Amino acid sequence: MSHLAVILLGAGALGAYMYWAVSGQMLDAVGQRLLDNARLLESSLDIDDIRAFGDRADSAAGERLSQRLRRAVAINPDLSGAYVVEPRSDSLRVLATSQPSAGAASSDYLTIEESELLRRGIERAVISDIRVAASERADLTALSAIGAAPQRYVVGVRLNAESLQRSLRLLRLSTLGALLFGVLLALVLSRLLAERLQRRIRSLGERCQALAAGEPLPVDQLPIGDEFDRVIADFDATAQRLREASAQREAALAALTRANATLEGRVEERTRAIEEATHQLKAEIENRLQVEALLAEAALTDGLTGLLNRRAMLEMLVQAVKASRGQGGFSVILADIDHFKRINDAHGHGVGDQVLAAAAQELEQLQGDNRHAARWGGEEFFVLLPHVGLMDACRRAEELRARIERMPTPVRGLRVTLSLGVAEIQPGEPLEDCLKRCDQALYRAKDAGRNAVVAARGNSFATIS
Ligand SMILES: Nc1nc2c(ncn2[C@@H]2O[C@H](COP(=O)(O)OP(=O)(O)OP(=O)(O)O)[C@@H](O)[C@H]2O)c(=O)[nH]1
């Protein structure tokens, strides 16, 4: 509707302008033609006849003058009248007109506008206001001067108002017709153009829908003609490029997904391998720790008897000495199997080993644990008795001696005995001195005949059993 209103408005404005321009030109042309008629009539009139009739009222001259005016009007159907006037200083004297009765010529014949024009004086051909005449449906008058001043006459011709109006009506009708034709043509053309545009916009919309739905673009048999066809062709090309780019992107995405899956698989595999390796490493470390613990234990343990070895016992003694400075002392027992060489010699080292293991077992059982008993040397044993005084230590030594004496042996008839030395560390006494005293007590026991217990009381010794 809006474009229809625009067309009508534009056509109306254009028609009004055309009518105004053409009617103006037409009125100017009509006016010019009337002026030409006035001049023509003026040149065809005989000035002598005019003067003869004007000055002397020569009726024959007047008749000739009137006839000439009537003939001019008769041969030109557009003219409604013609006349000759003598402008005077105070009045206008109509000498002759184209009206049939010559005697009727008077100043009343003139219109008000003609009278005003004449009173202003005519130097050359003039015309009354043609636009006023056209709008007021009045006759149009053209005046042309004849004769020389001061006795100058004026010839006037009138154009029939009806004729002027007819021309204008014809002009209006033809303008209106042209306008209507133009509007109709514009409507038809705009309708055709709108249909053409709609068809392409519909096609573009279908293409957009197909592109959004991922379907093939519709195949139109549209020749590439105007800009819209080119827009559709460009759209198709762009859509094709978009589809190709999308396909490439999807292919790349699929390749990336596959690569990710492979990578994830490899990462999982590697993670599993690392976990396995970590597990193995942990097991190995545990194993190593166990071996180290065993080694550490083995380093402190005697392999044959399972008792502490000399080194371990010495460490314990050092600790015991430190502890003895604050929390009381300790006693030690040094025990040696009697005549062990003979056992070896008589029964072999294997039996000797069995005797050593059996004696160690007795010692362990007596102690209740193996933490404070050690194999001190070949056939020597050592017992540490923390917080135990000399007397109690002697009793423990005696108990051990008696056990060994009763101990069953691997060889029938074989008797094993033990000699023992006992000592208690004295306040502030170095460990070496204490051990030395204990050793001396052991030798005393050997000297006393073996299978005996001797206690070292300070630097003196006492045989216990
Ligand atoms: N079977 C065996 N014999 C050992 C071991 N260690 C030391 N001997 C032996 O023990 C013997 C110790 O002999 P001696 O030092 O002479 O002492 P003994 O024969 O016991 O004499 P007395 O101590 O004076 O009673 C040596 O013959 C060593 O070879 C061992 O681990 N196994």
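The values are calculated or read from the model by the stated rules, or taken from the named source; none is laboratory data. Note that the structure is predicted; figures quoted are calculated from it, not measured. Please note: Cβ atoms are built from the backbone with ideal geometry, for glycine as well, and neighbour counts cover all protein chains shown. Protein only, heavy atoms only, side chains kept; ligands, DNA and RNA dropped before computing areas. Shrake-Rupley method; radii C 1.70, N 1.55, O 1.52, S 1.80 Å.
The separation of region 380-401 from region 236-312, counted between C-alpha centres, amounts to 58 Å. Along the axis of the charge dipole computed for the chain (Cβ charges of +1 for Lys and Arg, -1 for Asp and Glu, origin at the Cα centre), the listed residues PRO216, ASN451, ALA312 are led at the positive end by PRO216. Between region 22-99 and region 123-168, what's the alpha-carbon centroid distance in Å? The two parts, judged by their Cα centres, are 10 Å apart. The trypsin sites (Lys or Arg not before Pro) of region 338-397 that DSSP puts in a loop, and whose beta carbon has at most 16 other beta carbons within 10 Å, are ARG371.
Using 0.36 nm per residue and subtracting the Cα-Cα separation, the extra length available between TRP20 and ARG415 on full extension is 125.8 nm. Taking the Cα centre of region 310-463 as origin and assigning +1 to Lys and Arg Cβ atoms and -1 to Asp and Glu Cβ atoms, the resulting dipole is close to 120 debye. Net length available on complete extension from SER135 to LEU300 is 44.8 nm, with 0.36 nm assigned per residue and the Cα-Cα distance removed. Evaluating 6.51 cos²θ - 1.76 cosθ + 1.60 at θ = phi - 60° for every residue in region 314-324, the Karplus couplings come out as 4, 4, 4, 5, 4, 4, 5, 4, 4, 5, 5 Hz, glycine and proline recorded as x.
So, with a 1.4 angstrom probe, what is the percent of accessible area on the chain that is carbon and sulfur? If you can, show how the numbers build up before the last one.
Working: 15150 of 27430 Å².
In the chain, the share of accessible area belonging to carbon and sulfur is 55 percent.
Dipole magnitude of region 159-273 about its Cα centre, charges +1 at Lys/Arg Cβ and -1 at Asp/Glu Cβ only, in debye to the nearest 20? Mind showing how you got there, number by number?
Details: 17 positive and 15 negative charges, 72 e Å.
The dipole of region 159-273 has a size of about 340 debye.
Backbone amide hydrogens, once placed in the peptide plane, bring ALA125 within less than 5 Å of ALA145, excluding anything fewer than 5 places away on its chain.
If the chain linking ALA74 and PHE181 were pulled fully straight, counting 0.36 nm for each residue of separation and taking away their Cα-Cα distance, it would gain 34.6 nm.
Scalar couplings 3J(HN,Hα) for region 279-289, obtained by applying the Karplus form with A = 6.51, B = -1.76, C = 1.60 to θ = phi - 60°, are 4, 4, 4, 4, 4, 5, 4, 4, 4, 4, 4 Hz; x denotes Gly and Pro.
Note on ARG158: accessible area is roughly 20 Å² with a 1.4 Å probe, heavy atoms of protein only. The residue among VAL267, GLY24, GLN99 whose Cα reaches farthest toward the positive pole of the charge dipole of the chain, with charges on the beta-carbon of Lys, Arg, Asp and Glu, is GLN99. Counting only alpha carbon atoms, the long axis of helix 390-406 and the longest principal axis of the chain meet at about 80°. Rounded to the nearest 10 degrees, the inclination of helix 349-367 to the longest alpha-carbon principal axis of the chain is 80 degrees. What does the helix-only formula give at 222 nm for the chain: each DSSP H stretch with n ≥ 4 adding -39500 (n - 2.57), the total divided by the residues, and the result rounded to the nearest 500 deg cm²/dmol? -22000 deg cm²/dmol, from helical runs alone. Taking 7 Å steps out from each Cα toward its Cβ at ARG172 and GLN319 produces label points 13.9 nm apart. Positive end of the dipole of region 1-152 (Cβ unit charges, origin at the Cα centre): among SER43, THR141, LEU9, the Cα lying farthest that way belongs to LEU9. Solvent exposure of region 146-295 amounts to 73 Å² per residue of accessible area, where only protein heavy atoms count and the probe is 1.4 Å. Put a plus charge on the Cβ of each Lys and Arg, a minus charge on the Cβ of each Asp and Glu, and nothing anywhere else: the dipole of the chain about its Cα centre is then about 160 debye. Amide H contacts of THR141 (H built 1.01 Å from N, in plane; Pro and chain starts excluded): SER128, LEU159 sit under 5 Å, all sequence-distant by 5 or more or on other chains.
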